[in-house]
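Peer 1: Pasting in a structure now, in structure tokens, and then I'll have a few things to ask.
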Amino acid sequence: MEAPTHSHAAVIGGGIGGLLAARVLSERFDRVTVVERDGLPDAPIARRCVPQARHAHALTARGRTAIEELFPGFTHDLVGFGAPTGDLQSDFRWVFDGHRWAKGTSGVHLLLASRPLVEWHLRNLVCALPNVEIIGHCVATGIITDPRRHAVTGLALSGRSNRIADDSLDADLIVDASGRSSQSQGWLEPLGYPRPEEEKLSIHLAYATRRYRREPSQIDGDLGIGVGSLPTLPRGGLALAQENDSWIITLAGYGDDEPPLDAEGFAAFAASCPAPDLGELISEAESIDDGVRYRVPTTVRRHFDAAQLPSGYVPFGDTICSFNPVYGQGMSVAALESLILRDCLVTDHRQATDRFLRAIRPILDQAWETSCNTDLRMPFIEGKRTARARATNAYIARVHRAAATDPHVGNAFLRVISLLDPPTSLVRPSTLTRVLWANRLPRQANTPTSRPTDSVPLDAASTNAETGT
């Protein structure tokens, strides 16, 4: 770690994005203070202000390795806490566009830790840093700038704990990781800074989640099930093995197709998805909670311009882009952003915002386009369906069909959704040829496939995923 070169940095928000930002800032600043309006539980439980944490979350292979770069041993620690591990293809059941994928061995490492466990462990690791302080029940109420309103100088606070005597916090740099509900633009407008242009897509998505006790023999020892929705049947779901010998099962529906919370209705909704696996798992598992609901009316991307922001203010994570959570991008994109922020702070921090916003654009472009294009497959979602989007969705439908008989195609797609390869990798000649060939064959019946006899050790799977072998 290089010696700090600046005095003090503040982070708004103590979620996963804020914690990763704090870790990076700790390398460049003498002190880092994270202010979080919520309480900070001593155990890995969902916080009141993070209702989405009670639902299924995925940490992609690329996101995990990014966190591992900041916190060596992170994966090993979570495995020690009971998080299941395996291969994203051989240990998982995938059904997309009604096609049950063939099993294979992808080499993409699967780490199935719950969102509360990930956040709790990250918070403990960040708290252990000697120059970082995390303060709960502390609400940021405004950004303070110099008299000319050109640069941030501090953060206004309320509801502070007895750990801060004043109603403000001096800061040379502020990272806003408060999420899609960030209030900072409302604070900056009176200072003469316009709100960023917003790109929105109304998806009208509703979640319902219940947890069940897990037995190793269930679903033939697989670690999860993913069933994608169809334009003609806009419902699907995800089952993930979790720590403490449990399943978390999240069902999702678009528009009026909202999954019920009661045990009987939940099971019936699962059974009616484009594949029966989720319903079959629920029928043989013991429920251990009463279920929770979460709604996502819109996805939002804010196009920040550094020229229209005060020097020293850095938007981060969901403050910039809030995706459809069905696609499991949020935590991983925040992890990748943290590595980019790290690079942008090597020189003058006053120029960090411009460098950061430019550097993250390709990542956000890819994730946002993928999310929106997939959502726009639903005919009732209003949005512009470009010729490129229609062509992309038509090709991806053929990829899903090919993956039913060719595990190499499924592997290529899994590497893309794991953020290991770009979407353009799906049209490489080797993959394109397989997709076109498989789509010449008669459609295969949607029947379960057997598990492969080979397995991938944790270390080998991690290495293969990261090297692309």
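Peer 1: Which count do you get for residues in region 29-58 that are part of a loop (DSSP other than H, G, I, E, B), touching a residue at least 12 places away in the same chain (Cβ under 8 Å) and open to solvent by 20 Å² or more (accessible area, probe 1.4 Å)?
Peer 2: Matching residues across region 29-58 total 10.
Peer 1: Does Gly179 satisfy the criteria of being modelled with pLDDT under 95, in contact with a His (Cβ under 8 Å, 6 or more places away or on another chain) and either open to solvent by 10 Å² or more (accessible area, probe 1.4 Å) or within 30 Å of Asp348 (Cα to Cα) (or both)? Can you show your working first?
Peer 2: Working: modelled with pLDDT under 95: yes; in contact with a His (Cβ under 8 Å, 6 or more places away or on another chain): no; either open to solvent by 10 Å² or more (accessible area, probe 1.4 Å) or within 30 Å of Asp348 (Cα to Cα) (or both): yes.
No; evaluated as a whole, the condition is false for this residue.
Peer 1: What are the pairs, 6+ residues apart or on separate chains, where a residue within region 169-198 that is at positive phi has its Cβ under 7 Å from a residue that is surrounded by fewer than 20 Cβ atoms within 10 Å (Cβ to Cβ)?
Peer 2: Gly192/Arg149
Peer 1: Among (1) closer than 30 Å to Gln185 by Cα; (2) surrounded by 17 or more Cβ atoms within 10 Å (Cβ to Cβ); (3) within 27 Å of the chain's Cα centre (by Cα); (4) modelled with pLDDT of 95 or more, there is one condition Val152 misses while meeting the rest; what is its number?
Peer 2: For Val152, the exception is condition (3).
Peer 1: If Asn373 passes every condition in (1) polar (S, T, N, Q); (2) touching a Lys or Arg at 6+ places or on another chain (Cβ under 9 Å); (3) open to solvent by 50 Å² or more (accessible area, probe 1.4 Å) but one, which one does it miss?
Peer 2: (3)
Peer 1: While we're here: Mind counting the residues in region 409-442 that are out of contact with any Ser or Thr (no Cβ under 8 Å at 6 or more places or on another chain) and either among the basic types (Lys, Arg) or more than 14 Å from Ser106 (Cα to Cα) (or both)?
Peer 2: Count: 16.
Peer 1: Here is a further query. Considering only region 304-313, I want to know if a residue exists there that is touching a residue at least 12 places away in the same chain (Cβ under 8 Å), open to solvent by 60 Å² or more (accessible area, probe 1.4 Å), touching a strand residue (DSSP E or B) at 6+ places or on another chain (Cβ under 8 Å) and of a type in the set (A, V, I, L, M, F, W, C).
Peer 2: no
Peer 1: Is there a residue being open to solvent by 60 Å² or more (accessible area, probe 1.4 Å) and under 28 Å from Val435 (Cα atoms) anywhere in region 351-358?
Peer 2: no
Peer 1: Ok, one more. Tell me the strands (runs of 3 or more DSSP E) entirely within region 76-147 that contain at least 1 residues that are hydrophobic (A, V, I, L, M, F, W, C), in contact (Cβ under 8 Å) with a residue 40 or more places away in the chain and buried (at least 24 other Cβ atoms within 10 Å of the Cβ).
Peer 2: 92-96, 109-111, 139-145
The values are calculated or read from the model by the stated rules, or taken from the named source; none is laboratory data. Computed from a predicted model, the values in this text were never measured in an experiment. As a convention, Cβ positions derive from the backbone with ideal geometry for all residues, glycine included, and neighbour counts pool all protein chains shown. Accessible surface is based on the protein model in full, side chains and every heavy atom, while ligands, DNA and RNA are left aside. Shrake-Rupley method; radii C 1.70, N 1.55, O 1.52, S 1.80 Å.
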